[in-house]
Amino acid sequence: MIVARTLGELRSWRDAVDSEARVGFVPTMGALHKGHTSLIERSRATCDATAVSIYVNPTQFDNADDLASYPDTLQDDLARLEALSVDCVFVPAYQDLYPDDFAYRIEERQFSSTLCGAHRPGHFTGVLTVVMKLLNLVQPDAAFFGEKDFQQLTLIRNMVDAFFMNVEIVGCPTIRESDGLAMSSRNLNLAPSDRRQAPIFHEILEKASSDDDARRQLGEAGFLVDYVETIEGRRLGAVTVGPTGQSVRLIDNTELEM
Ligand code: AMP
């Protein structure tokens, strides 16, 4: 496995890949779990070579504490990726990805200011900008994203269409803990009592009779609700658990049975 820490190292790896090979790419922010693994396995199963990036992208964080507390498990992540037979891991630095210091950015002006975007100003501009940069650098044939971040997946699909980008965006199902909690790197920051409470979030999203009912039940269960909204048969939600200062934001979504 090549660990590329500079643009030059990444380009050397990419140039050496057979021109006929189908290249798959899985962008991540590290602290890898089985959700990430499922994306990588999908790429390994359908592509000839797989690249993964690990980069905690500062431009998508609207909250400095959230960025500072984002888990960092790089050595474990690299061991996990090696065991998964990933071909290349790209671990860039800010100066490499943002030589313009974020002067140029990709802004979506409709869907990105709703749902998570309404609560995290600028978040999706950071996401779309870094994904565009990573896709341009890695030049994959296919890129794999989780349905757990459904709004993100939709915005990336639409960006690729809007800019005529030559890459297939593959959405992959949400991987959950046995109690239903969607796997997330931020779960590492949950205090034990909040970890016990967290799975109720998904249960309520799935079972509530309406979005209003879900918001009410979540409030009663002690969550602070950012939003619950159903769009095209899918109920999406975001909540925080835990005391101010140590709270963890959870997002999830579920397809409703019609
Ligand atoms: P992150 O490292 O959180 O930025 O996530 C990297 C990729 O993994 C994104 O495409 C996420 O949607 C995806 N992902 C994160 N958690 C899960 C999960 N529980 N199941 C499936 N995909 C996930």
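The values are calculated or read from the model by the stated rules, or taken from the named source; none is laboratory data. Model, not experiment: these values are computed from the prediction. So basically every Cβ, Gly included, is an ideal-geometry build from the backbone, and we count neighbours across all protein chains shown. For the accessible areas, the whole protein counts, side chains as well, though only heavy atoms, and no ligand, DNA or RNA atoms are used. Shrake-Rupley method; radii C 1.70, N 1.55, O 1.52, S 1.80 Å.
Surface composition of the stretch 2-172: carbon and sulfur make up 48 percent of the accessible area, probe 1.4 Å. Beta bridges assigned by DSSP with both partners in the chain are antiparallel in approximately 45 percent of cases. Rolling a 1.4 Å probe over the protein heavy atoms of the stretch 185-251, with every protein chain left in place, gives an accessible area that is 48 percent carbon and sulfur. The helix-based estimate of mean residue ellipticity at 222 nm for the chain, built from -39,500 (n - 2.57) per DSSP H run of four or more residues and divided by its residue count, is -11000 deg cm²/dmol to the nearest 500.
For T28, the solvent-accessible surface computed with a 1.4 Å probe is close to 10 Å², ligands and nucleic acids excluded.
Summing Cβ point charges (Lys, Arg +1; Asp, Glu -1) relative to the Cα centre of the stretch 8-124 gives a dipole of roughly 380 debye.
Y227 exposes around 20 Å² of accessible area when a 1.4 Å probe is run over every protein chain in place. When the residues M165, M1 are ordered by accessible surface, computed with a 1.4 Å probe over the protein chains alone, the sequence from largest down reads M1, M165.
Rolling a 1.4 Å probe across the protein heavy atoms gives the stretch 185-251 an accessible surface of 51 Å² per residue. Taking a ≥ b ≥ c as the square roots of the eigenvalues of the Cα gyration tensor, the stretch 49-179 is rounded, since a/c falls below 1.5. Rounded, prolate or oblate: which fits the stretch 185-251 when a ≥ b ≥ c are the square roots of the eigenvalues of the alpha-carbon gyration tensor, with rounded for a/c under 1.5 and prolate only if a/b beats b/c? In terms of gyration-tensor shape, prolate.
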